[in-house]
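> Dropping the structure in here first, questions after.
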Amino acid sequence: MSTATVKPDPGDIQTRLLNLAGQLPAGINQAALRSHLSDLPMDRIIQCINQLTQSGKLEVLQTANRELLWRLRDASADRRLDGLDTKEVMVYEQLRAFGNKGASAQQLQSRSAMPQREIGKCLNSLEAKKLVKTVRPVGHAKKKIFMLFELEPDASLQAGTFFSGEGFDQEFVDVLCQQCTLYLRRKAEAAATPAATTSASATLEEVQQFIGQSRVSTVALSLDDIRRVLRALTLEGVVETRPGPYAGAGSSCLYRLARSQLPASGDFGAVRVPCVSCPVAPDCRIGGEISPIGCVYLTDWAKGQF
Amino acid sequence: MAVSAVDQITSFLRVHLGPETAAVFLYISKNSKSPLQMIMQQFRLPSEKVSFFPAENLAHSSSLRLLKYFEKSSPSLAFETMSTNNQVLQMVQQCLTLLLTHDLLILSRRKDSAIEYSINWAQVRVLNRAPAFLCLTRTQLGHAAELVIEELLYSGRLGLLACLATVAKRLAEEDEASSSAAAAPAAVDPGLRALNAFASLLELRFIQRRGSVVPPLPVADNSGCGSGGRLEDDDEFEDDDVIGSSKIYRVEKPFAPLSRAEREAALRHIRESLGPAVKLSNESLEPPAKRPRVAAETTSVADARRPEEAAQEFSANAQQLRFRWRDSILTRAAASVLGAQASRVLAAMLDIVDERVRLGHAQSAESEVLAHADIVAQLAASAAGDARSGLDQHLSSLAEDGFIERQSGAAGGQFRILFRRAIFSLTRQSVAAVIRQRLGDKAVRVFNALSEEPNLTQAELESHVLIGGRDCKELLYRLLVDGFVHCAELSRAADFMNPRPNTAYYLFHVNLEQTTRKLLLNMHAYQDRLLTRRLAEVATNRRLLDKRQRVKELLKNLDAQISAADSAGNSDASAELSEQRAQAAQLLTPPEREQLETLKRSRTALRAGELLLEENIFLYELFLEFASQHN
């Protein structure tokens, strides 16, 4: 009696693989292959899996543990991935997992265990096919983050409202500061008495509304943007905050023009003495080349002061 | 102590107390804790007399020249003319007496019971601040009070009669110079004004009663020194024979008000010194009280009297002046922020605290608890009665801005003045004002951001203050160089031995105490420069100032002669004198008048600048005092 080995039909193996993939939507790993297809030789299984991947019926994934998974490819899946080789597909799927935060080349390497060169080639290929794009995060101009082409970068990567193409837009911020100061000054002048703190103050929403109406910004400014501007003015001593009644979402204090705590134009104003702001004060010596006796700043100050 | 402070004091002593006293002061300032023997060593005569220094040198010698004399170990000044070391000893003792009268010396006793003398630098500071204290007194209590404080500050200690006579005389002269003949009869009695001002100052503890400093005993010639002789052995001198702390009597009640007898004696003395032209008050003149013996007449140690019986003198109370100055700063800050009414409420609270503070009370961070009813009563008693309306609102505003703190809400509330917090806040704002003046508004943002949130990296700071990277870096580094912010390095590498810029975090923060110390030194330097400039301008225009003085005296003499001629009915002489007066008035040419006017403006501006700096220096010193208490 002859015991000839019956070679399994590749079509049968592929059918069984597809059925198994349908049963395991999360994907088939090697353990599942051994348990469900134990009667089939592994080399034949792998050969069929490669054929199915190339034909686009299965897609290969890699888990965080660097374990390979094969999953049924959705019929409506992105046809743009047709023609990509396995490595490129792997890289693409990993970037999909990172979402709108993207990943650097180093992160991709650590997840996939592929050589850096291979990952670089895959990313270049995907970029050329406009499947992936490069984003430079704020504060790290030399760093490259890769993400899927159709995704919007996360806020942590974006520069923000106060940034333009050339970096931080100081002029725009200064204009916003001036407008906020102007609004608060009008409120203070319109108040009945200086002690009427409520009528002389404004909420965050009121300031936002004024800025919106003044059309100094082409983009809509959020409450957080306005809060940051008012915070900067508070640090500068132009604006002060007071606890106020809850007046709106995210606003729990009132803003008003600051009254300087130092007497106006200082009788407390040692700053009026020119030596305080003199650019050559460190070099001033009695009897030296720069000395108080011949100082033109003191002469002009004495003439103009009294 | 800044060099200029020593120079200023030395100049003051030389003018008011004589160059010898200034020389002794300088020596003790350079050699702290000097016993009398060491001081004598500097002035003892060598075996042969040195050459006599002409008098002109004494009048114009600077403090540096005096110091040079010491360094050469050659006797100087009036010591030159002395032939015996006894005379030198007497002179040194008199100088020490004068310095003690001004509270410029601190006495201490060594283990061998010898007395050592050191300079009381706190009092030196008080004398240097005299212009600021006079300004404060004039603002709060009027011109008469200012003159009283001036006399007491510059004389050290004065008796009641001497002080009031001088002040009344000055007031009378000012009245005569400023008012017209028609207005003169209506002027308030200068003696009464001086007396009332004196009584107010005593009641408010601006001045205090002090015991007299007993002068030294004369040393007999047969004590072993001999005329023309030389000290063979310094051990013959005993320090107990000279100034000792036991000789300076303490007064039990330094702020006891003027008694009726003292007031009457004062008014009588003023009338005698000013003459019958000045009207007295309607106080009845009782038989004069037993005249207190003047301390200078005491010649024997055994005849020492108890404090109550010894002649009492008065001196300025520097501690109270400092407290009042501090209060003035706080009330002005409150006025600028919250308005005049709130400022008056704070002033009333400060007055209550002042009444409760006893002598020797140290600078406290917070006041006692003040009840709402006490504040209302104080406002009613003061001229600020209208501040009672809206009192609760003013108190809430003061609490919001950190001047006071509400302790409880019962019975209207109880409050406490927060001196430390208020001074800290004012200091921080003063430093911010300096930064704003030097580096601009954006630098103030950086400073305040780091004050509120310390230990930020540059990147974090940029997002806080909304300043671009390059500008923020430049401002940050300029603040770092000027000492307004400080930097701490935190290495990222495991190798802490060789930190490199790209392997370390740099965290920036504000250390207000350190910044204030640096600014304090700078303020002293700026004050020194303004003083130097002012003195230089006076020196440059000395000839013109002398000419103006001579013209003024000439005109005054001519005016006296004209009025004498008018009263004698001699119209011809009067006309001639008037013509002479008109010619004398032309001695100063218009360009010279303009130059004098410019000089006056310049000196006024420079003096005002010195006062502004002094106030800032005082604020920083208060802050550092509170900061050291906290530490």
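> Would you kindly derive the ³J(HN,Hα) couplings of the stretch B:438-448 from the backbone phi angles with the Karplus curve 6.51 cos²θ - 1.76 cosθ + 1.60 (θ = phi - 60°), listing them in order in whole Hz, with x for Gly and Pro?
7, 10, x, 5, 5, 5, 5, 4, 5, 4, 5
> Got a number for the accessible area of B:D546? Probe 1.4 Å, square angstrom, nearest 10.
60
> Using only Cα atoms, what Kirkwood radius does the stretch B:440-510 have, in angstroms?
Final number for the Kirkwood radius of the stretch B:440-510 is 12.5 Å.
> Using θ = phi - 60° and the Karplus relation 6.51 cos²θ - 1.76 cosθ + 1.60, list the HN-Hα couplings for the stretch A:225-241 in order, rounded to whole Hz, with x at every Gly or Pro.
5, 5, 4, 5, 5, 5, 5, 4, 5, 5, 5, 7, x, 8, 10, 10, 10
> Given a Förster radius of 22 Å and the C-beta distance between A:D224 and B:S491 as r, what FRET efficiency does 1/(1 + (r/R0)^6) yield to the nearest 0.05?
On the way: r = 34 Å, r/R0 = 1.55.
For R0 = 22 Å, the calculated efficiency reads 0.05.
> How do B:S11, B:S118 stack up against each other in accessible area, from largest to smallest, with a 1.4 angstrom probe?
Final ranking, largest accessible area leading: B:S11, B:S118.
> For A:K303 and B:E594, what does the FRET efficiency come to when R0 = 22 Å and r is the distance between their Cβ atoms, rounded to the nearest 0.05?
After rounding, the FRET efficiency stands at 0.95.
> Would you grab the residues whose amide H sits under 5 Å from the one on B:I119? Only those 5+ places off in sequence or on another chain, please, with H modelled 1.01 Å from N.
Answer set, sorted by chain and number: B:K33, B:I106.
> Points 7 angstrom from Cα along the Cβ direction at B:S628 and A:S35: gap in nanometres?
In this crude spin-label approximation the distance works out to 7.9 nm.
> Taking all pairs of distinct Cα atoms, average 1/r, flip it, and tell me the Kirkwood hydrodynamic radius of the stretch B:408-480 in Å to one decimal place.
14.1
> Starting at 0 and stepping by 5 Å, how many percent of the alpha carbon pairs of the stretch B:516-629 end up in each bin?
Percent of Cα pairs in each bin: 2, 10, 14, 12, 10, 9, 9, 8, 7, 6, 5, 4, 3, 1, 0, 0.
> Ok, one more. Can you order the peptides A:125-133, B:130-138 by their average number of other Cβ atoms within 10 Å per residue, highest first?
Top of the packing list down: B:130-138, A:125-133.
> Still on this structure, I have one more. For the stretch B:318-417, report the translational diffusion coefficient in µm²/s to the nearest whole number, using Stokes-Einstein at 4 °C, 1.567 mPa s, and a Kirkwood Rh over Cα pairs.
Here the translational diffusion coefficient equals 95 µm²/s.
> Ok, one more. Between B:A340 and A:K144, what FRET efficiency follows from the Cβ-Cβ distance if R0 is 51 Å, with the result rounded to 0.05?
According to the calculation, E is roughly 0.20.
> Moving to a separate point now. Taking 0.36 nm per residue of separation and subtracting the Cα-Cα distance, what length does fully extending B:D441 through B:T540 add?
31.7 nm
> B:R210 accessible area, nearest 10 Å², 1.4 Å probe?
Using a 1.4 Å probe on the heavy atoms, I get roughly 50 Å².
> Could you pull out every residue, at least 5 positions away or on a different chain, whose amide H is within less than 5 Å of the one on B:L370? Hs are placed 1.01 Å off N in the peptide plane, and Pro or chain starts have none.
B:F415, B:R416
> Out of residues 5 or more away from A:F149 or on other chains, whose amide H comes under 5 Å of its own, with H placed 1.01 Å from N in the peptide plane?
A:V132, A:K133
> Measure up B:K169/B:K552; A:K187/B:K518; A:K57/A:K101; A:K187/A:K303; A:K144/B:K473 against 31 Å on the Cα-Cα distance and list the ones that go over.
In this structure, A:K187/B:K518; A:K187/A:K303 exceed 31 Å between Cα atoms.
> Given points 7 Å out from each Cα along the Cα-Cβ axis, report the A:E127 to B:A261 separation in nanometres with one decimal.
Placing both labels 7 Å along Cα→Cβ, they lie 10.5 nm apart.
> Moving to a separate point now. For peptide A:12-20, what's the mean number of Cβ atoms from other chains within 10 Å of each residue's Cβ?
Mean shielding count: 0.
> Taking the full set of protein chains and a 1.4 angstrom probe, give the accessible area of B:R109 in square angstrom, rounded to the nearest 10.
130
> With N denoting the number of residues in the stretch A:10-157, provide Rg(C-alpha) divided by 2.2 N^0.38 Å, to two decimal places.
In units of the 2.2 N^0.38 Å rule of thumb, it is 1.15.
> Whole-Hz ³J(HN,Hα) for each residue in the stretch B:89-99, computed from phi via Karplus 6.51 cos²θ - 1.76 cosθ + 1.60 with θ = phi - 60°, x for glycine and proline: what do you get?
With coefficients 6.51, -1.76 and 1.60, one gets 4, 4, 5, 4, 5, 5, 4, 5, 4, 5, 5 Hz.
The values are calculated or read from the model by the stated rules, or taken from the named source; none is laboratory data. In this text the structure is predicted, and so the values were computed from the model without any measurement. Please note: Cβ atoms are built from the backbone with ideal geometry, for glycine as well, and neighbour counts cover all protein chains shown. All accessible areas refer to the heavy atoms of the entire protein, side chains included, with ligands and DNA or RNA removed. Shrake-Rupley method; radii C 1.70, N 1.55, O 1.52, S 1.80 Å.
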